[in-house]
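J.: Sharing a structure below in structure tokens format, with a few things to ask.
Bear in mind that the values in this text are calculations on the coordinates, not laboratory data. Note that the structure is a prediction, hence the values are computed from the model and not measured. Here the Cβ positions follow ideal geometry from the backbone for every residue, glycine too, while neighbour counts run over all protein chains shown.
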């Protein structure tokens, strides 16, 4: 270990978050990592239980959560979830930004 260099403490993600993070290995995630934080927040806001939401709200600041909602990942959000959180944080998205954020389960063969 180098003297003067801070070592990052890797915090464990509670096992009860696994149902919201079904395709992720919690042992390999760090809730303080920028990418992992985004995944955790988005998945819990979309699919989480009340207990999982409480953990996210207690672990992250409202500012951090709002930042994730404000800059949604492409194709990951359920329509009802993103609409709820946009209202909660008083955010307005262009139609194009909203459509990019929405999850679409299959190919779109027909467009208008």
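J.: Residues of region 18-41 being assigned to a helix (DSSP H, G or I) and either in contact (Cβ under 8 Å) with a residue 24 or more places away in the chain or touching a helix residue (DSSP H, G or I) at 6+ places or on another chain (Cβ under 8 Å) (or both), which ones?
T.: Hits for region 18-41 are 26, 37, 38, 40, 41.
J.: Additional query: In region 42-112, which helices (runs of 4 or more DSSP H) lie fully inside it and hold 1 or more residues that are in contact with a strand residue (DSSP E or B) (Cβ under 7 Å, 6 or more places away or on another chain) and surrounded by 11 or more Cβ atoms within 10 Å (Cβ to Cβ)?
T.: Those helices (runs of 4 or more DSSP H) span 79-88, 95-101.
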